[in-house]
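So the structure is just underneath, and the comments pick up after that.
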Amino acid sequence: MSEKGGKGFSLPTKTTPKSALKSTPASATARHDDNSAKSKRGRKVQFGMEGLPNLGFNFSSPKSDGKFAIPVGKGDWAKGGKGEKVVNGGKAPVAKEAKSLELRVEQELPENVKCLMDCEAANILEGIQEQMVMLSQDSTIKLPESFHLGLQYAKTRSYYTNPQSVRRVLEALSKYGVSYSEICVIANTCPETVDEVFALVRSLEAKKSRLSEPLKDVLDELGKLKKST
Amino acid sequence: MFFHIVLERNMQLHPRHFGRNLRENLVSKLMKDVEGTCSGRHGFVVAITGIENVGKGLIRDGTGFVTFPVKYQCVVFRPFKGEVLEAVVTMVNKMGFFAEAGPVQIFVSNHLIPDDMEFQSGDMPNYTTSDGSVKIQKDSEVRLKIIGTRVDATEIFCIGTIKDDFLGVINDPTTA
C-alpha cells in the first residue's frame, strides 16, 4: 500500500478525467498544513458523502485518521486506503455521484409527509406568528429561534403572489412523472430556462425529451405569477 | 425544504396540571418541548400547526405522572442531499465559506468553489473571480446544492457546492 502511495499518480484508474481538483503538488502541501491545523481543532465531522469520490475528499473522524486526505501528494494514498470512501475507478463513481446527488425525498421520508413550497410555508408561519401575538399573555410560550430563522428564510424566498396558482401550474407536471419534491424544488428556485431546471434537478434528466415542452409552458406561466419586486 | 408532517410524541404530565385546563397544559408543554428541536429524520421542527389527536393517558407505576400519546401536525425544515437552495453567506475564510439557510448552517469548501475564484484576505475576506466580476463575501446570497448533511442534538449542518451549472452568487450586497 505504501509503495503505491509512493508512486503518487501512477495508478491509471485513479487519475480522474473530470479533475475537479486542479491542484499542483506545491499547493497541495500548503493545503496539507492547513488541513492538519484544522484537524487539530478536533472537529468531529462525519458526512454521508458516498457520492463524491472524484474529489477524494474524506471527512474522517479523528479516531481513524484525523486528516483530510486529498488525492494530491504522495503520502496520502496510503492513508486513503484505510477503508474509507475513496476513488475506486474511473467511470463508475461519476455515474454514482450523479445518482446520489439526486433528490430522494420520497424514499427518505414517510408517506404522509407533504412538501411545502417556500411561499406556502411563509403563509403558514406568518399565520402562526400572528396567533402568538394574541397568545403572548402567557409569557412562558416563546417562539424558538429556529422559528424566526425559518420564517425569515421563507419570506425572503417567496417570489410568488399566490401559492395556490403556482401549485396548480406545477401540478400539470406531475402527470409526466415529476415527483412532488421535484416540483417544490422547481418552485423554490424560480428557474428561468428549461436548461436551468435540468441542471438543478438532475433526476429529471432521464425524462428530458418528454418534459422539455411542458416545462417551457410551465416556466412561462410561473414567470407571470412572480411578484414584481 | 419545508415539510408539513404529522408526528407523535408521548407527553408526561405532572398531576398539578390536571383539571379543567389539562389539554391546554398538555399542548403548551408539547410546544415548549418540541418547537425548536431538531432530529435526523425530520429536521428542525419550526412550528406546530395543530393537534390531531390526544390519546388516553396512562398512569405511570410508582409516580403520579401520566403519559399521553399526542399526535400533532407541524412544519419542519429539513435539508436534503441534492437539494438546491439559496443561502446567505455568514463567514468567509481560506477553507471556504459558511452560509445560512433558515436554521441550517451550510459549509462550502474551497474545493467546491469554481477554480477561477480566488480567496482574497483583508477586512472583508472574499472569493473573487480573476476579472473581479463575481464576488462572494459576507451577506452575499448564493445558490448552492447540498451534497451532505450531519445532524447533532440541536442543529443540522450541511456541506454544499457551487461548482455546478446555475449555482453561485445571486446578488452582491455591494452592488445591490
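The values are calculated or read from the model by the stated rules, or taken from the named source; none is laboratory data. Because the structure is a prediction, the values reported are computed rather than measured. Note that we place each Cβ from the backbone using ideal geometry, even for glycine, and neighbour counts take in every protein chain shown. The area values use the complete protein model at the heavy-atom level, side chains included, leaving out ligands, DNA and RNA. Shrake-Rupley method; radii C 1.70, N 1.55, O 1.52, S 1.80 Å.
Counting the residues of region B:27-61 that are in contact (Cβ under 8 Å) with a residue 40 or more places away in the chain, more than 10 Å from chain A (Cβ to nearest Cβ) and closer than 23 Å to B:ARG78 by Cα gives 4. Scanning region A:136-162 for residues that are open to solvent by 90 Å² or more (accessible area, probe 1.4 Å) and either of a type in the set (Ser, Thr, Tyr) or at pLDDT below 85 (or both) yields A:GLN137, A:LYS142, A:GLU145, A:THR161.
Scanning region B:88-112 for residues that are over 13 Å from B:PHE157 (Cβ atoms), aliphatic (A, V, I, L, M) and more than 9 Å from every other protein chain (Cβ to nearest Cβ) yields B:VAL89, B:MET91, B:VAL92. The set of residues in region B:62-85 that are within 12 Å of another protein chain (Cβ to nearest Cβ) and under 13 Å from B:MET11 (Cβ atoms) contains only B:LYS71. The strands (runs of 3 or more DSSP E) found wholly in region B:1-78 and carrying at least 2 residues that are open to solvent by 70 Å² or more (accessible area, probe 1.4 Å) occupy B:2-13, B:43-54. Listed by position, the strands (runs of 3 or more DSSP E) contained in region B:113-176 that have at least 3 residues being touching a residue at least 60 places away in the same chain (Cβ under 8 Å) and touching a Phe, Trp or Tyr at 6+ places or on another chain (Cβ under 9 Å) are B:141-151, B:156-161.
Restricting region B:151-163 to residues that are open to solvent by 40 Å² or more (accessible area, probe 1.4 Å) and within 9 Å of chain A (Cβ to nearest Cβ), which is nearest to the chain's Cα centre (by Cα)? Out of the qualifying residues, it is B:GLU155. If you go through region A:191-200 and keep only what is farther than 17 Å from B:ILE162 by Cβ and surrounded by fewer than 23 Cβ atoms within 10 Å (Cβ to Cβ), you end up with A:GLU192, A:THR193, A:VAL194, A:ASP195, A:PHE198.
The residue that is surrounded by the most Cβ atoms within 10 Å (Cβ to Cβ), among those in region A:201-229 that are in a helix (DSSP H, G or I) and under 20 Å from the mean Cα position of the chain (by Cα), is A:LEU204.
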